[in-house]
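The values are calculated or read from the model by the stated rules, or taken from the named source; none is laboratory data. Since the structure is predicted, the reported quantities are computational estimates derived from the model, not experimental observations. Note that we place each Cβ from the backbone using ideal geometry, even for glycine, and neighbour counts take in every protein chain shown. For the accessible areas, the whole protein counts, side chains as well, though only heavy atoms, and no ligand, DNA or RNA atoms are used. Shrake-Rupley method; radii C 1.70, N 1.55, O 1.52, S 1.80 Å.
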Amino acid sequence: MNVPAIYNDGRTPARHDVTVALSAQGIVISGYSIEPITWTFDDIQVIGSEQRSALRLTRRADDEPRLTVFDTAFRDMLFQRRPELNPGHGRSRRTLALVAGSLAGIGALVAVLWFGLPLLAKPVAALVPDSMEQRIGEKVAGFVIGDARICDAAAGARALERLTDRIWSGLDRPVSFDVRVVENPMINAMATPGGHVIVFSGLLQNAEGPEELAGVLAHEIGHVAHRHGMQALVRHFALSFVITAFTGNDWGVGSAAQLLIQFAHSREAESEADMTALEILDRAGIPPAGLAAFFARLEKDEGDAGAFLRYMSTHPPTAERIAALQANSPRPAPAARNARAPEPALSAGDWTSLKAICKSE
Amino acid sequence: MQATVLAEPDPQPAGGNRTTSGAHALRYTGPTGTLFAIFFKNLALTIITLGIYRFWAKTRERRFLWSGTSIDGEPFEYTGTGKELFFGFLKAMLILVPLFVAIELLALLLPGDVAAHGVSAIQGLLVLILVFVGTFAARRYRMSRTTWRGIRMQQDGSPWRYAAIALKGLFLSIVTLGLYVPFMQTSLTRFETENLRFGSKPFLFTGSAWAIWKQYFVLWISVVVLVVGLIAVMAGLQESFELSDMPAFSAGLSLIPLIVLIAIIAMSFHYQARFARFRAGSTRLGEIGFSAPELNGWKLFGLMAGNYVLKLLSLGLLTPLAMQRTMRFWTRHTQLEGQIDPARIAQAERGPGTGEGLAGFFDIDMG
């Protein structure tokens, strides 16, 4: 059976009208050269067109020539003889392999990030020189404060200094930090790299007694002592690097994954800072129950915010933290040598002045 | 034997290397239903793989579009693979991401707002340059994977040179309030065309920028006259009748930007059609000349506005329909005429091994 076909030799765009026939070995092409050419079945490659069109073939050994056959009966016979040549053959298996490979790749990447990043973040953060950390910290603090006013009424500032001195006395090694109160109704406090602690006035107003504020400050200084800020920054850069490299810059999936992994690690950091805060308060002789009390009240206010949201939040579930704090705070015997018997963190007068630090004189 | 035959090309006299003459039929015959099937399969797989399948999706789509396009009944062929696009993307990421992380780190370290603004300016310029570089590099890949009658296309020319021409053109266009635009477009088109080959045969660009500039200038000046005229008329009315208190007058005043915007859009479609005609008419491949004599601004507007509405109303689900319209439009409007001796064209070298990484990064989509 001879069927008309078009042969392009891959050297020039000339069209050669040829005839083709199936033999035992492969396809015999007559009419191009004096002797017929045979393309063996093992050598033949079908070029996919994704639509019902003429059968187009090339060779594995040399993928430049083209043979185009318009006769569908010839195509059917070829595919009957060699089913693996049909572009549809094994296609769903290949697609499945691609999907499985993609998902496995994503899984492996997430695993590496999840377990590898905390291992990486600590040593890399430790490598950052202090001067650089200071400069970065200033930038971050400036960004957080923005246009907000820094509260510095004289009496309040003196009270704040007395409180930070108390906390300082509870450190078992020097940690450089400074504390600023910023006018902002949010109930929040944070520590940037380089030891800049920023307390929002909303938190100050919400706190019931100096022990609660002292607890929060000790917690933030715990972050500073562990260099959590710098570690978070290292994680952030490493993560954006990997995720952008993997997904390109236009995929919401990437930023969602980034948030998830960031939060997971900050939850660990929060617990670590809590434990350090208890040690600091203990050594400074400040009643440590304030920290737990503050969080307990926050949780009550938080009410029934979805459990999922709480899980995702930067702070570990507050109930869990409170339980851990309460289990750890009443120490049977003061551990450090300079531990004192608990006494109020500030006098009543100082506490009143501190609460009024945002009032201009 | 059953004689079922699919879209056979025009019968030609027997024999080997002869010359083809006269008008050539450029056609697009890709079936719409098949494209929809590919589109939705691609969409599903891309979502399942969190985006990784997009390189294979793009490849399937192109294989379909290319093999649906034919000259004298002989279809084009897309020979690229999803793997090549995937590795091209990874390669671009390995270079780009550290670059951008380093720039961001620099912004964090440098003191002062000025430094931060300087860094973001550098970042913006870098993105602009890389967008042009990526566009042209992607074009090189795409051309090297396009064959007709087994002969590859080849796009030569440095992507960086292309970016330099584009950047210079952009700057001069801004400085001249848009008067330089035709020169920029012409020099970019000339660079693309004169570095393009079918096998060993180079394309030629014979157009002069002044020819298209004259047509552009008429449109440009009419927009300027319209703006100035409208303002003058309104100011005159206000002066002579003290109309400024009347609500109808202020309503008319607020219509001015809208009228100007519509005028600019109309002019721009008109000009883009003129330019496409100029571009086709100035392009040659040996003895073969191109032209697009029937193209005009209204038809171009119909295509673009129709596609926009189709995609918008269907939330993107009718994108294949828009693709079909685009393919049919451009193949219908482009004409090829002239004879060429195939024996005098040889195969082109093989193109780059991987492709389109940069363009993928910036999400430049060229079909």
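Below are the figures for this structure:
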read-out: For chain B, the longest site-free run once GluC sites (Glu not before Pro) in DSSP loop states with at most 14 other Cβ atoms within 10 Å are removed; value: B:1-241
read-out: Chain B: relative contact order in percent, alpha carbon pairs under 8 Å with at least 6 residues between; value: 27
read-out: Antiparallel DSSP beta bridges within region A:129-247, as percent of all bridges there, nearest 5; value: 50
read-out: Surface per residue (accessible, 1.4 Å probe) for the protein assembly as shown, Å²; value: 49
read-out: Heavy-atom SASA rank of A:D17, B:D72 (probe 1.4 Å, accessible area, largest first); value: A:D17, B:D72
read-out: Candidates per trypsin sites (Lys or Arg not before Pro) in region A:7-57, loop by DSSP, up to 10 other Cβ within 10 Å; value: A:R52
read-out: Most positive-pole-ward Cα, B:L99, B:I122, B:S144, against dipole of region B:84-220 from beta carbon charges; value: B:S144
read-out: Accessible area of region A:1-153 belonging to carbon and sulfur atoms, whole % at 1.4 Å probe; value: 59
read-out: Buried on assembly, region B:26-52 (at least 30 Å² less accessible surface than by itself, 1.4 Å probe); value: B:L45, B:I48, B:T49, B:L50, B:I52
read-out: Beta bridges per DSSP with both ends in region A:12-71, % antiparallel, nearest 5; value: 100
read-out: Chain pair B, A: total accessible area buried, heavy atoms, 1.4 Å probe, Å²; value: 5100
read-out: Sequence-separation-based contact order of region B:138-237, relative, with Cα cut under 8 Å and 6+ spacing, percent; value: 23
read-out: Region B:178-320, relative contact order [Cα under 8 Å, separation at least 6], %; value: 25
read-out: Fraction of accessible area attributable to carbon and sulfur, chain B (%, probe 1.4 Å); value: 68
read-out: Qualifying lysines (Cα of each under 19 Å from Cα of B:K299; at least 8 residues distant if same chain); value: B:K311
read-out: Sites matching trypsin sites (Lys or Arg not before Pro) across region B:302-337 that sit in DSSP coil, with at most 11 neighbouring C-beta atoms within 10 Å; value: none
read-out: Delta accessible area of at least 50 Å² on complex formation, residues of region A:1-17, 1.4 Å probe, chain isolated as reference; value: A:P13, A:R15
